[in-house]
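**Student:** Quick one: structure below, then a few questions.
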Amino acid sequence: MIVGIIGLGYWGPNLVRNFLAQDKVSKVIACDTLSERLKFVKTKCPAAELTNSSEDLIYGKADAIVIATPVDTHFDFAKKALLANKHIWVEKPFTSNTAQAEELIEIAEKKNLKIFVDHTFIYTGAVKKMKELADNGELGKILYFDSVRINLGIFQKDINVVWDLAPHDLSIMNYVLGEHHKIAAVSANGIANYNGKENIAHLSIYFEDNCFAHFHINWTSPVKIRKMIIGGDKKMLVFDDMENYEKIKVYNSGVEMKSMESIHEALVQYRTGDMYSPKIIQTEALSLAAKEFVDSILENRQPLTNGTDGLNVVKILEASNKSIKKRGKVIEINSKSFVEV
Ligand SMILES: NC(=O)c1ccc[n+]([C@@H]2O[C@H](COP(=O)([O-])OP(=O)(O)OC[C@H]3O[C@@H](n4cnc5c(N)ncnc54)[C@H](O)[C@@H]3O)[C@@H](O)[C@H]2O)c1
């Protein structure tokens with residue numbers, strides 16, 4: 001299989017390296033309009049073929065096109081590539097709005113082409129373990145999901161911090177919680193201190209089953225924190241991505257209501273038991289993601305992180321932007337549209 005990669009900025013060279021390492025990929029053609037980025041890739045990955053023309057790449061011999069350019073260019077490249085009968089890998093966030101995501105999904109379905117959205121975290125050992133613990137019932141009923149992703153981040157020209165950082169956490173949440181937890185509404189607050197794009201934001205997500213999720217994202221924090229807590233009614237889990245070894249800790253902690261005869265007599269008791277840190281797979285996530293994309297094409301099946309997963313994240317991002325503009329107004333999400341309440 002021949003893979004073409006457009007965009008060799010910060011992220012693209014990682015994709016070139018990982019696709020070159022796939023044994024079912026015979027050639028990687030890497031593309032950027034900037035000659036210094038082509039030179040950089042030539043030095044780091046000499047086996048890659050290079051071009052400065054995305055048109056030559058899209059209408060050439062590649063079987064699949066990987067799009068690693070800024071978000072506001074994803075849709076045009078993706079649509080062109082699908083119409084040219086290429087499978088596509090699109091970086092997160094999938095598109096700039098839900099209408100674009102839906103259009104791409106429709107084209108791909110009609111042409112039986114695969115859309116892979118790079119929700120890289122889904123391929124990490126830590127997130128796979130979180131999913132396993134949620135699915136096998138060890139955490140019990142999931143009550144809340146609380147996440148912090150803050151540091152001195154790179155300001156993006158075309159998107160705010162929500163569109164830059166939250167796709168990671170939202171994709172993890174959607175994957176771990178699964179389809180049976182339906183999102184009901186989103187409320188978000190944020191502020192732009194510098195370039196008109198929010199650099200700090202707080203997102204709250206309400207679920208139909210009373211589960212609740214909160215995300216704190218910030219490009220302007222003096223400290224780097226990448227932490228998530230999943231509260232279950234049996235056990236609670238902490239994922240600290242800044243830890244090198246014990247990234248996941250499972251706490252046998254919880255809250256129990258002892259007497260319910262009358263609400264005033266209800267006695268809240270805390271349970272604080274043992275903590276353990278499960279072993280997690282260390283393989284580079286991007287290498288597993290690239291393998292999944294290639295296999296999904298060869299096996300003619302949907303990849304684990306597909307267009308619909310990309311769309312589900314974009315829906316929350318779009319609702320968040322609407323809410324931020326109205327200082328936290330609750331935006332209901334249903335399958336067809338957004339409703340302000
Ligand atoms: N999955 C992840 O963990 C992860 C991490 C970082 C970035 N990303 C995503 O990757 C994408 C790119 O981010 P980045 O930080 O690498 O951006 P970047 O700005 O560093 O790089 C983008 C590159 O695209 C090139 N480009 C733009 N238009 C082009 C065109 N018409 N033809 C050829 N090349 C063109 C630019 O010259 C630049 O080199 C974004 O969608 C971002 O959200 C994903």
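The values are calculated or read from the model by the stated rules, or taken from the named source; none is laboratory data. Worth saying up front: this structure is predicted, and the values here are computed from it rather than measured. Methodologically, a virtual Cβ is constructed for each residue, glycine included, from the backbone with ideal geometry; neighbour enumeration extends over all protein chains shown.
**Student:** Output the strands (runs of 3 or more DSSP E) that fall wholly within segment 247-341 and possess 3 or more residues being modelled with pLDDT under 95, or say none.
**Tutor:** Those strands (runs of 3 or more DSSP E) span 248-257, 268-276, 338-340.
**Student:** Among the residues of segment 1-15, which ones are crowded, with 24+ Cβ neighbours inside 10 Å and more than 10 Å from the ligand (Cβ to nearest atom)?
**Tutor:** Val3, Gly4
**Student:** Moving on. Looking at Val127, Val66, can you tell me which residue is within 14 Å of the ligand (Cβ to nearest atom) and either of a type in the set (S, T, N, Q) or within 15 Å of the chain's Cα centre (by Cα) (or both)?
**Tutor:** Of the residues listed, the single one that is within 14 Å of the ligand (Cβ to nearest atom) and either of a type in the set (S, T, N, Q) or within 15 Å of the chain's Cα centre (by Cα) (or both) is Val127.
**Student:** Right, here's the next one. Exactly one condition in (1) buried (at least 22 other Cβ atoms within 10 Å of the Cβ); (2) part of a loop (DSSP other than H, G, I, E, B) is not met by Ser96; state its number.
**Tutor:** Condition (1) is where Ser96 drops out.
**Student:** List the number of the failed condition for Thr305; all other conditions in (1) under 30 Å from Ile2 (Cβ atoms); (2) out of contact with any His (no Cβ under 9 Å at 6 or more places or on another chain) hold.
**Tutor:** If we test Thr305 against (1) under 30 Å from Ile2 (Cβ atoms); (2) out of contact with any His (no Cβ under 9 Å at 6 or more places or on another chain), just (2) comes out false.
**Student:** Kindly provide the set of residues from segment 227-246 that are assigned to a strand (DSSP E or B) and either touching a helix residue (DSSP H, G or I) at 6+ places or on another chain (Cβ under 9 Å) or free of Cβ contacts under 8 Å to residues at least 40 places away in the same chain (or both), ordered by number.
**Tutor:** Met228, Ile230, Gly232, Leu237, Val238, Phe239, Asp240 - these are the residues of segment 227-246 that are assigned to a strand (DSSP E or B) and either touching a helix residue (DSSP H, G or I) at 6+ places or on another chain (Cβ under 9 Å) or free of Cβ contacts under 8 Å to residues at least 40 places away in the same chain (or both).
**Student:** Hey, among Asn321, Asn300, Asn312, which residue is under 14 Å from His87 (Cβ atoms) and out of contact with any strand residue (DSSP E or B) (no Cβ under 6 Å at 6 or more places or on another chain)?
**Tutor:** Answer to the check: Asn300.
**Student:** Restricting attention to segment 87-123, which residues are away from the ligand (no atom under 14 Å from the Cβ), among the charged types (D, E, K, R) and in contact (Cβ under 8 Å) with a residue 40 or more places away in the chain?
**Tutor:** Glu102, Lys114
**Student:** To continue, here is another question. Let me spell it out: the conditions are (1) closer than 24 Å to Lys110 by Cα; (2) part of a helix (DSSP H, G or I), and Val16 meets all of them except one. Which number is the exception?
**Tutor:** All conditions pass for Val16, except number (1).
**Student:** Also, I was wondering about something else. Contact list please: Cβ distance under 7 Å, first residue in segment 42-66 and free of Cβ contacts under 8 Å to residues at least 12 places away in the same chain, second residue surrounded by fewer than 20 Cβ atoms within 10 Å (Cβ to Cβ) and part of a strand (DSSP E or B), pairs at least six apart or on different chains.
**Tutor:** What qualifies is Lys42/Leu50.
**Student:** Do the conditions hold for Ser221, that is, is it out of contact with any helix residue (DSSP H, G or I) (no Cβ under 7 Å at 6 or more places or on another chain) and either assigned to a strand (DSSP E or B) or surrounded by fewer than 16 Cβ atoms within 10 Å (Cβ to Cβ) (or both)?
**Tutor:** yes
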